[in-house]
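The values are calculated or read from the model by the stated rules, or taken from the named source; none is laboratory data. Keep in mind it's a predicted model, so treat the numbers as computed, not measured. Note that we place each Cβ from the backbone using ideal geometry, even for glycine, and neighbour counts take in every protein chain shown.
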Amino acid sequence: MKKRALVIIGIIIGALVLLGLYLLYLNVFVNKHRLDLAHKTVISSEYRTIAADSNIMPSYMWRRIQNILMDGDYLMSDYMLEGRLANQDAVPSDKFELKDQSWLLLRYLASGDRGNSVKLVGKINEDFRNGDGSYRACITKDGEADESYTNSDELTFLEAYIEYYSAYGNDEDLENIRALVSVVFDDTGLIKPELLKSTTFTNEVGEDEETYEFRGVKLSDINLELIGNLERNGFIAEGSYDRYCSVVSGGVVSYDVPYFAYACVIDDSGEADYIYSGMEAATISVGDSVKTMVNLARVDLLSDSIYHQFKTNLINDGVIYSSYSLTTGLTGGSELQDSYVDALALAKFKDDTDLFRSIAKILSVRVATKTQSRALYLVFRSENNRYVFYSDENIRIYLVVNGMFAV
């Protein structure tokens, strides 16, 4: 009887030890760094089916991305497929851009791939990080590093980095994040302005143009969901999210024009002055405007009126043109191929299967479908009669269709 009691006591002690070790594991390795992160999510199954109808299939895309666009641990910026002539060899890019690695990290995180996530963050911090806590925009295969960066580069990586920290990070990652936040934001929670350029007419006739420089923030760079997550977790000052929601929403050209300003300059009182044109006078950049719409849609602040006007313009035009003229009220310029990914995301965040289907069909003409092609199911661009595959376009299409976050 005594022996049986000792066995029971031993089992209880063993169970308590195991429970203690499990709780320690949760605290140290799982929950210790968990952040309160909010995401706009839309059920993906229906959208995957719609995309597949246009030969856009994430699982196949990912295999080709690995086989063609991966070079070691990184995504190269682009890859030119071999041409029809014998002397037209394939041309893999020697550039690795921070944005591409940020999207790659989000892919690993969304699939719960801890090993590759940890490895990639380690490599990025080793190769891209500057001594002041900023991150280079680009490095090359031979080890050359571009010390420059933009708010867009930093904010894209920052979003992926806080996702990583919340899932698998450690105290060193937290220090890196805080250092990066201090590079991008000031103590009041404002994004630090960078040097930008705008073009304006110098006379009423509208013939002579003048380009000038100013310090401001591109509206399309203001990721409201990220800013909300940073504020919620104490990385930036309280009130930053509400302030920027007002700034971005107020950047619309007018109720009748569904496009947004190029940049803003915020004065000491917190008021925003808007610069509407970028490098072409009296025109709005449609590409930047679509990015701004995505940022608003992610936090449910894009008005249905603006969205439906943009949708109508896109469907009527059949393509996304690069610019909107403030003088003629018409869209024009070249086809903006890299904006279809943003438009795809916009349709999904607005839960609009009709527009999502329309954009997927537009993209389908650039999906490699020849079964013998090494790039089967990747999205290409035709440049100088050669087929070029961009990592940014392909990995982002994968994330939009399949889901960006592991929630």
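Among the listed residues Asp317, Asp351, Asp338, which satisfies the condition of being modelled with pLDDT under 95 and farther than 24 Å from Ser254 by Cβ?
Exactly one residue qualifies, and that residue is Asp338.
From (1) surrounded by fewer than 21 Cβ atoms within 10 Å (Cβ to Cβ); (2) among the hydroxyl-bearing types (Ser, Thr, Tyr); (3) touching a helix residue (DSSP H, G or I) at 6+ places or on another chain (Cβ under 8 Å), pick out the condition that doesn't hold for Thr371.
(3)
Does Val400 satisfy the condition of being at pLDDT 95 or above and assigned to a strand (DSSP E or B)?
When the stated conditions are applied, Val400 does not pass them.
To keep it simple, each residue is scored yes or no on (1) in a loop (DSSP other than H, G, I, E, B); (2) of a type in the set (Ser, Thr, Tyr); (3) over 19 Å from Arg107 (Cβ atoms); (4) assigned by TED's automatic domain parsing to the domain that holds Lys95.
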position	(1), (2), (3), (4)
Val341	no, no, no, yes
Leu346	no, no, yes, yes
Asp354	no, no, yes, yes
Arg357	no, no, yes, yes
Ser373	yes, yes, yes, yes
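Has the stretch 101-111 got any residue that is in the same structural domain as Phe157 (by TED's automatic domain parsing), within 27 Å of Glu172 (Cβ to Cβ) and surrounded by fewer than 15 Cβ atoms within 10 Å (Cβ to Cβ)?
The answer is yes; a qualifying residue exists.
It is to be established whether one or more residues within the stretch 206-223 are surrounded by 14 or more Cβ atoms within 10 Å (Cβ to Cβ), among the small types (Gly, Ala, Ser) and either under 22 Å from Asp132 (Cβ atoms) or under 21 Å from the mean Cα position of the chain (by Cα) (or both).
The answer is yes, given that some residue of the stretch 206-223 is surrounded by 14 or more Cβ atoms within 10 Å (Cβ to Cβ), among the small types (Gly, Ala, Ser) and either under 22 Å from Asp132 (Cβ atoms) or under 21 Å from the mean Cα position of the chain (by Cα) (or both).
When you scan the stretch 29-79, how many residues do you find that are part of a loop (DSSP other than H, G, I, E, B), of a type outside the set (A, V, I, L, M, F, W, C) and in contact (Cβ under 8 Å) with a residue 40 or more places away in the chain?
Adding up the residues that qualify gives 11.
Here's the yes/no breakdown for (1) surrounded by fewer than 17 Cβ atoms within 10 Å (Cβ to Cβ); (2) outside any strand (DSSP E or B):
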{"residue": "Cys245", "(1), (2)": "no, yes"}
{"residue": "Val248", "(1), (2)": "no, yes"}
{"residue": "Val253", "(1), (2)": "no, no"}
{"residue": "Tyr259", "(1), (2)": "no, no"}
{"residue": "Cys264", "(1), (2)": "no, no"}
{"residue": "Asp268", "(1), (2)": "yes, yes"}
{"residue": "Tyr274", "(1), (2)": "no, no"}
{"residue": "Ser277", "(1), (2)": "no, yes"}
{"residue": "Ala281", "(1), (2)": "no, yes"}
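Pairs only if they're at least six apart or on different chains, beta carbon under 8 angstrom, first in the stretch 162-182 and within 17 Å of Arg232 (Cβ to Cβ), second buried (at least 18 other Cβ atoms within 10 Å of the Cβ) and aromatic (Phe, Trp, Tyr); list them, first residue then second.
Ile162/Phe235; Leu174/Tyr165; Ile177/Tyr161; Ile177/Tyr165; Ile177/Phe235; Arg178/Phe235; Val181/Phe235
Report yes if some residue within the stretch 281-301 is under 30 Å from Glu210 (Cα atoms), touching a Lys or Arg at 6+ places or on another chain (Cβ under 7 Å) and at pLDDT 95 or above; otherwise report no.
Scanning the stretch 281-301 turns up at least one residue that is under 30 Å from Glu210 (Cα atoms), touching a Lys or Arg at 6+ places or on another chain (Cβ under 7 Å) and at pLDDT 95 or above.
Restricting to the stretch 140-174, name every residue that is touching a strand residue (DSSP E or B) at 6+ places or on another chain (Cβ under 8 Å), of a type in the set (D, E, K, R) and surrounded by fewer than 21 Cβ atoms within 10 Å (Cβ to Cβ).
Lys141, Asp146
Output the residues belonging to the stretch 301-328 that are assigned to a loop (DSSP other than H, G, I, E, B) and either more than 14 Å from Leu346 (Cα to Cα) or aliphatic (A, V, I, L, M) (or both).
Result: Leu301, Leu302, Gly318, Val319, Ile320, Leu326, Thr327, Thr328.
Within the stretch 112-139, take every residue that is touching a residue at least 24 places away in the same chain (Cβ under 8 Å) and either surrounded by fewer than 14 Cβ atoms within 10 Å (Cβ to Cβ) or on the phi > 0 side of the Ramachandran plot (or both) and give me the one that is nearest to the chain's Cα centre (by Cα).
If we take residues in the stretch 112-139 being touching a residue at least 24 places away in the same chain (Cβ under 8 Å) and either surrounded by fewer than 14 Cβ atoms within 10 Å (Cβ to Cβ) or on the phi > 0 side of the Ramachandran plot (or both), then Gly112 is nearest to the chain's Cα centre (by Cα).
If a residue must be within 16 Å of Met279 (Cβ to Cβ) and surrounded by 11 or more Cβ atoms within 10 Å (Cβ to Cβ), how many such residues does the stretch 322-336 contain?
Matching residues across the stretch 322-336 total 8.
Among the residues of the stretch 283-308, how many are crowded, with 16+ Cβ neighbours inside 10 Å and either acidic (Asp, Glu) or outside the structural domain of Leu196 (by TED's automatic domain parsing) (or both)?
Selection size over the stretch 283-308: 1.
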